[in-house]
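Each remark here refers to the structure printed beneath this line.
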Amino acid sequence: MKWILRNQTILPRGETAVDIDDRGYQFGDGIYEVVRLYGGEPFLMRPHLDRLRRSAHELGMRADLDNGVLEENFRQLAEKEGVSTGILYMQVTRGVYQRVQEFPPADLPVQLTAYAKPMERPAEALRQGVAVWLVPDIRWLRCDIKSLNLIPNVMARQQAKEHNCLEALQHRGDMVTEGAFSNVFLVSGGKVRTHPEGNLILSGITRAHVLSLCEQAKISVDERAFSVNELLSADEVFITSTSNEVMPVVRVGDAVIGTGEPGPVTRNLQGLYEESFGMVTKN
Ligand SMILES: Cc1ncc(COP(=O)(O)O)c(C=O)c1O
């Protein structure tokens with residue numbers, strides 16, 4: 001990664017030092033988004049920008065970010081970096097101000113930072129499915145905000161890694177909420193089920209897209225939380241995220257899910273998902 005977008009200017013990475021007084025650095029006082037690039041084109045950019053604005057609003061941050069300007073800047077960034085299959089990362093912090101806990105003056109400009117980098121689709125994992133690890137959900141009660149405060153998610157993902165799993169699935173009491181960096185779905189009797197939107201999960205852009213694909217394919221959906229036992233006895237499980245798309249889960253801890261191979265509903269949704277971004281086959 002050679003280039004960084006800082007506010008509205010693309011600069012060489014070496015010229016974009018972070019000020020110690022940036023509130024993102026001091027407090028994690030900011031928000032972020034990750035957008036997929038397929039063939040150099042951002043996928044589902046608008047809903048990501050809408051969610052960015054919503055996160056800002058919920059945190060009382062200035063949200064005077066213009067969609068058209070942002071889209072143009074991000075396109076230029078991806079082009080300048082020469083990224084085809086990859087991601088755009090963007091974050092907005094509450095700005096640079098002497099370290100006080102309360103909000104700085106309302107007219108302080110927010111700091112937008114973004115970069116583009118290559119990231120292949122996880123082709124083998126998408127074919128074979130992955131293992132996930134269960135952890136208690138120790139996060140705050142505003143998981144609907146895509147905040148830079150990711151300590152519990154980082155801790156959960158590290159535990160998953162230590163158990164050779166791709167992702168950590170979190171549960172509050174007995175109920176499964178979502179992954180550390182993904183939403184989780186189960187399939188039982190041909191029906192798809194996932195945690196409802198609200199303060200306990202992030203409203204994933206991929207989640208919403210997959211729900212619309214279910215509707216299109218006439219797969220019935222139940223947006224209702226499920227228990228750990230229901231998860232373990234499901235026919236199929238999959239997780240969704242911008243980077244990992246529709247990722248089959250074939251093992252949860254020591255428990256094998258279904259036949260131990262990605263199931264037909266998951267495969268169907270994977271195919272529809274690929275069609276929807278135009279399946280860039282050159283990779
Ligand atoms: C906690 C959490 N849930 C769900 C998701 C999936 O969201 P999306 O599909 O918008 O990438 C993410 C993505 O990073 C996440 O961090």
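Worth a mention:
- Spatially close lysines, pair count over the chain: Cα under 22 Å, gap of eight or more or interchain: 7
- Between the C-alpha center of the stretch 1-43 and that of the stretch 49-101 there is a gap of 8 Å.
- What you get for the stretch 3-118, charging only the Cβ of Lys and Arg (+1) and of Asp and Glu (-1), is a dipole of about 260 debye around the Cα centre.
- Residues Leu231, Leu211, ranked from the fewest to the most other C-beta atoms within 10 Å, line up as Leu211, Leu231.
- Rounded to the nearest 20 debye, the dipole size of the chain about its Cα centre is 220 debye, using +1 on the Cβ of Lys and Arg and -1 on the Cβ of Asp and Glu.
- Prolate/oblate/rounded call for the stretch 81-200, Cα gyration tensor, a/c under 1.5 rounded: oblate
- Compactness of the chain is given as radius of gyration and Dmax, 19.2, 57 Å, from Cα positions.
- Measure of compaction for the stretch 162-223 (Cα Rg per 2.2 N^0.38 Å): 1.18
- In a simple Cβ point-charge model (Lys, Arg +1; Asp, Glu -1; nothing else charged), the stretch 123-276 has a dipole of about 240 debye relative to its Cα centre.
- Lys/Arg +1, Asp/Glu -1 at C-beta; the stretch 123-276 dipole; positive extreme among Asn229, Gly129, Gln158: Gln158
- Which of Ile257, Ile4 has the fewest Cβ neighbours within 10 Å, and the rest in rising order: Ile4, Ile257
- Largest-first ellipsoid semi-axes for the stretch 123-276, taking √(5λ) over the Cα gyration tensor eigenvalues, angstrom: 22, 17, 15
- Among the trypsin sites (Lys or Arg not before Pro) within the stretch 203-283, those in coil by DSSP and having at most 11 neighbouring Cβ atoms inside 10 Å are Lys218, Arg224, Lys282.
- By the compact-protein rule of thumb, 2.2 N^0.38 Å, the alpha-carbon radius of gyration of the stretch 3-118 corresponds to a ratio of 1.05.
- Length gained on full extension, Trp140 to Arg224: 28.2 nm, using 0.36 nm per residue less the C-alpha separation.
- With N the number of residues in the stretch 187-283, Rg(Cα) / (2.2 N^0.38 Å) evaluates to 1.07.
- Of the GluC sites (Glu not before Pro) in the stretch 99-139, those whose Cβ has at most 15 other Cβ within 10 Å and which sit in DSSP loop: Glu102, Glu120
- Ranking of Leu11, Leu148 by neighbouring Cβ atoms within 10 Å, starting from the fewest: Leu11, Leu148.
We did not get these values from a lab; they are worked out from the coordinates using the rules stated. No experiment lies behind these values; they were computed from the predicted model shown. Quick reminder, even Gly has a Cβ in these numbers, built from the backbone with ideal geometry, and neighbours come from all protein chains shown.
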